[in-house]
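The values are calculated or read from the model by the stated rules, or taken from the named source; none is laboratory data. In this text the structure is predicted, and so the values were computed from the model without any measurement. Quick reminder, even Gly has a Cβ in these numbers, built from the backbone with ideal geometry, and neighbours come from all protein chains shown. Side chains are part of the model used for accessible areas, which takes the heavy atoms of the whole protein and leaves out ligands, DNA and RNA. Shrake-Rupley method; radii C 1.70, N 1.55, O 1.52, S 1.80 Å.
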Amino acid sequence: MKIWKKAAGICLTGILAFTGCACGNNSTEITEEQKDITFVLDWTPNTNHTGLYVAQSLGYFADAGLNVTIVQPPEDGATTMVASGQAQFGIDFQDYLAPVFTSGDKMPVEAVAAILQHNTSGIISLQEDGITSPADLEGKNYATWNLPVEQAILRNVVEADGGNFDNVNLIPEYVTDVPSALQQDIDAVWIYYAWEGISAKIAGLDTNMFYFRDITPEFDYYSPVIVANTDFLEAEGDTTRAFLDAVRKGYEYAIENPEEAAKILCEEVPELNPEMVEESQIWLADQYKAEVEQWGYIDQSRWDAFYTWLYENGLSDEIPAGYGFTNDYLSR
């Protein structure tokens, strides 16, 4: 069964390359020994991607013998580009990967690292609307993408909180400007806090936010993850380890130095709002690794729990336990 993809990822067109600059004594000059790597993002550059740009700018990739080009996704998404071999690595989300893993035409893609340890998505609303938990959505206007998995997740958390999902006003609307929508006809929007929640804060709005993972444990799925082409993994295991080790260094730098990492991201992608990036980066610093010691680690019990929930609710074909990810290429 086809799982929903957020419309922002679909409406992107073209592939725009962003290459990093050398800093300090590190050099990104291409040599004969360097291996070319293409990494495709899931969306336009943002703080989910900071570790990549830090690794590029501070020369971690170059030190690993890699010439990495970071590009934005085509219309059919990052994973399609990775599966086709046009990119070796990319970013996707565990929920979006379900149809990839259940497709009749097996796509050579596997998740190799979690960028964030926990699902940071949930429902945002203005404090004045009094939506402090899912049941409070009854009688409120929720902006829906009209997608089965989205509405199934929302129904689950509303009913788990003692509410009646049928009393939620579903307004078909893809929200691109959360602060504006909340001040007009929309009461509640599904967001990822690190970006859209911070945008509401920067706009001076007083908001409430509840996270799906806090209501239903199965919804603490991995979002986002780095995916790799499995043929590349088999042929270039050492290169994969070197790449992920450089990425780890980038994210660990962002954890220890969020303000400096925010500056690096803005230097690499100057169209971003520096205030927005810094606020987001500070918030995400505690999310990249959270409670685990190993950046990128994927816990099989959590990975399997979400796919089991999808299958039991008729939203996906069955995905075998432990299928679709590996921790084997992470730094120890």
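Suppose we take every Cα in segment 83-138 and form the convex hull; what volume per residue is that in Å³?
Taking the convex hull of the Cα positions in segment 83-138, it is 140 Å³ per residue.
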*How big is the convex hull of the Cα atoms of segment 101-180, per residue, in Å³?*
160 Å³
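Per-residue ellipticity at 222 nm for the chain, helices alone: DSSP H runs ≥ 4 residues times -39500 (n - 2.57), over residue total, nearest 500 deg cm²/dmol?
Values: 13 runs with 115 residues, N = 332.
So the helix-based figure for the chain works out to -9500 deg cm²/dmol.
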*Please get the size of the charge dipole for the chain, origin at its Cα centre, with Cβ charges of +1 on Lys and Arg and -1 on Asp and Glu, quoted in debye to the nearest 20.*
300 debye
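Residues with beta-carbon under 12 Å from that of Gly163, excluding Gly163: net charge, scoring Lys, Arg +1 and Asp, Glu -1?
On the way: positive: Lys140, Arg155; negative: Asp136, Glu138, Glu159, Asp161, Asp166.
Its environment carries a net charge of -3.
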*Report, by chain and number, residues whose modeled amide H sits under 5 Å from the one on Val109, excluding near sequence neighbours (fewer than 5 apart, same chain).*
Thr230
*Short version: ³J(HN,Hα) in whole Hz for each residue of segment 75-82, in order, from phi by Karplus 6.51 cos²θ - 1.76 cosθ + 1.60 (θ = phi - 60°), x for Gly and Pro, what are they?*
4, 8, x, 5, 5, 4, 5, 5
*Pair Glu293, Asn273: separation of 7 Å Cα→Cβ label points (nm)*: 4.0 nm
*Given H placed 1.01 Å from N in the peptide plane, which residues other than close sequence neighbours of Phe210 have an amide H under 5 Å from its amide H?*
Ile123
*List the pair-distance distribution P(r) of the chain, using every Cα-Cα distance, as the percent of pairs falling in each 20 Å bin from 0 up to the bin containing the longest distance, rounded to whole percents.*
31, 59, 10, 0
*Quick one: Debye curve from the alpha-carbon atoms of segment 140-243 only, equal weights, vacuum; give me log10 I(q)/I(0) at q = 0.20 Å⁻¹ to two decimals.*
-1.08
_Separation of the Glu128 and Glu75 label points, Cα + 7 Å toward Cβ, nm_ = 4.1 nm
*Which of these, Asp95, Asp317, Asp185, has the largest mean-square fluctuation under a Gaussian network model of the chain (Cα springs below 10 Å)?*
Asp185
_5 angstrom amide H check on Ile37, placed H, neighbours 5+ away_ = Asn67, Val68, Thr69
*Can you give the accessible area per residue of the chain, in Å², using a 1.4 Å probe?*
41 Å²
*Rank by packing, highest mean first: peptides 235-244, 256-265, 113-122, with packing defined as the count of other Cβ atoms within 10 Å averaged across residues.*
113-122, 256-265, 235-244
*From the backbone phi of segment 190-197, what are the Karplus-calculated ³J(HN,Hα) couplings (6.51 cos²θ - 1.76 cosθ + 1.60, θ = phi - 60°) in whole Hz, Gly and Pro given as x?*
7, 9, 9, 4, 4, 10, 6, x
*asked:* Taking θ = phi - 60°, what integer Hz values does the Karplus form 6.51 cos²θ - 1.76 cosθ + 1.60 yield along segment 48-57, in sequence order, with x for Gly and Pro?
replied: 4, 9, 4, x, 5, 5, 5, 4, 5, 5
*Whole number please: convex hull volume per residue, Cα atoms of segment 209-332, in Å³.*
154 Å³
*Equivalent ellipsoid semi-axes for segment 36-170, as square roots of 5 times the alpha carbon gyration tensor eigenvalues: give them largest first, rounded to whole Å.*
37, 19, 12
*Debye sum, Cα scatterers, segment 179-229, no solvent: what log₁₀ I/I(0) at q = 0.31 1/Å?*
-1.25
